[in-house]
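Accompanying notes for the structure given below.
The values are calculated or read from the model by the stated rules, or taken from the named source; none is laboratory data. Computed from a predicted model, the values in this text were never measured in an experiment. Neighbour counts are summed over all protein chains in view; Cβ atoms, including those assigned to glycine, are modelled from backbone coordinates with ideal geometry.
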Amino acid sequence: MRGIAVRSSLWSDVDAMVRLAHSRHAAEFEMGGAGAEPIVFPSGSSPAFPDRKELDIHACGSPARLVTGDSFDYFFVSEETLAVTVADVSGKGIPAALLMEVTRSMVRNLSSVSASPTETLTRVNRILHQADLGAMYVTIFLGWYNTRTGAVRYVNAGHPPPYRLGGDGRVEPFGRVTGPILGILGVEKYDEDVGRLEMGERLVLYTDGVTEAESPEGEFFGPERLEALLAKYASVPVHRLCDLVASAIRKFQAGRRSDDATLLALQRNA
């Protein structure tokens with residue numbers, strides 16, 4: 001009964017928020033056209049979980065407009081299982097931000113009543129698909145990280161695969177896309193896979209606004225530049241890693257933001 005109540009409440013949230021997003025589409029252009037500076041988030045280097053010495057985690061990003069359609073989140077679903085997610089809604093501005101907040105809320109709520117990442121995202125997709133989002137959709141990576149073993153059970157719904165980063169500067173793709181984007185297809189069940197972080201290794205998640213950031217000349221930042229930066233900063237603390245990469249992207253764009261960009265790094269400690 002608890003799961004049914006959660007889904008019913010979330011369905012009401014989706015319906016109301018999506019209608020609000022579309023109704024405020026014009027307002028977004030008025031606000032965005034005023035030359036306001038987007039907010040960069042978050043700041044500071046305080047540990048997210050100061051009592052959990054077995055991990056370090058940090059995220060940062062910047063929206064293309066006043067608000068963002070990107071999202072990151074991390075929260076414990078059990079004593080030794082940390083849920084980690086990075087997601088991206090199609091489009092930018094207020095409509096994308098509203099749908100992202102609804103999706104983020106659903107992932108959090110449904111994770112508490114689900115047995116796996118597969119079950120969580122299958123439920124989220126079912127709700128979004130029933131909401132008839134039109135051309136809007138969500139890409140997302142949801143991983144359940146075991147702080148004791150280093151195992152990462154994950155579902156990747158159409159999102160750029162993350163990177164595994166070794167302390168020696170080794171950078172390699174982590175996992176694969178396991179299913180389609182959320183909200184478009186009535187997927188019966190999302191596939192799940194598992195990877196593992198060794199001691200000292202990092203999992204680096206990002207949205208496509210990182211690799212598709214454009215220079216004033218129209219050149220993409222690209223995965224090669226991102227991989228080179230990750231290798232260069234492999235040994236710095238995770239909060240510095242995120243901030244240094246974000247700074248390099250802002251410099252590359254020379255003040256022109258064409259898409260939301262988000263980066264998250266998780267490190268396994270002894």
Checklist entry - Can you name the residue in region 206-232 that is in contact with a Leu (Cβ under 7 Å, 6 or more places away or on another chain) and in contact (Cβ under 8 Å) with a residue 60 or more places away in the chain and is also surrounded by the most Cβ atoms within 10 Å (Cβ to Cβ) among such residues? => result 206
Item to check | Residue count, region 94-124 (criterion: farther than 12 Å from residue 83 by Cα, of a type in the set (Ser, Thr, Tyr) and in contact with a strand residue (DSSP E or B) (Cβ under 8 Å, 6 or more places away or on another chain)) | outcome: 2
Next on the checklist: If I filter region 258-270 down to residues being surrounded by fewer than 19 Cβ atoms within 10 Å (Cβ to Cβ) and touching a strand residue (DSSP E or B) at 6+ places or on another chain (Cβ under 7 Å), which single residue comes out as modelled with the lowest pLDDT?
Outcome noted: 258
Checklist entry - When residues of region 125-151 are filtered for being in contact with a strand residue (DSSP E or B) (Cβ under 7 Å, 6 or more places away or on another chain), over 12 Å from residue 184 (Cα atoms) and free of Cβ contacts under 8 Å to residues at least 60 places away in the same chain, how many remain? => result 3
Next on the checklist: Can you list the strands (runs of 3 or more DSSP E) lying wholly within region 159-270 that have 1 or more residues being of a type in the set (Ser, Thr, Tyr)?
Outcome noted: 163-165, 202-206, 261-268
Checklist entry - What's the number of the condition residue 108 fails, among (1) touching a helix residue (DSSP H, G or I) at 6+ places or on another chain (Cβ under 7 Å); (2) part of a helix (DSSP H, G or I)? => result (1)
Checklist entry - Taking region 225-270 on its own, how many of its residues are over 23 Å from residue 48 (Cα atoms), aliphatic (A, V, I, L, M) and over 19 Å from the mean Cα position of the chain (by Cα)? => result 5
Checklist entry - So which residues in region 211-245 are aliphatic (A, V, I, L, M) and within 23 Å of residue 94 (Cβ to Cβ), if there are any at all? => result 213
Item to check | Output for region 168-199, where each listed residue is under 26 Å from residue 267 (Cα atoms) and either of a type in the set (Asp, Glu) or out of contact with any strand residue (DSSP E or B) (no Cβ under 7 Å at 6 or more places or on another chain) (or both) | outcome: 168, 169, 170, 172, 191, 192, 193, 198
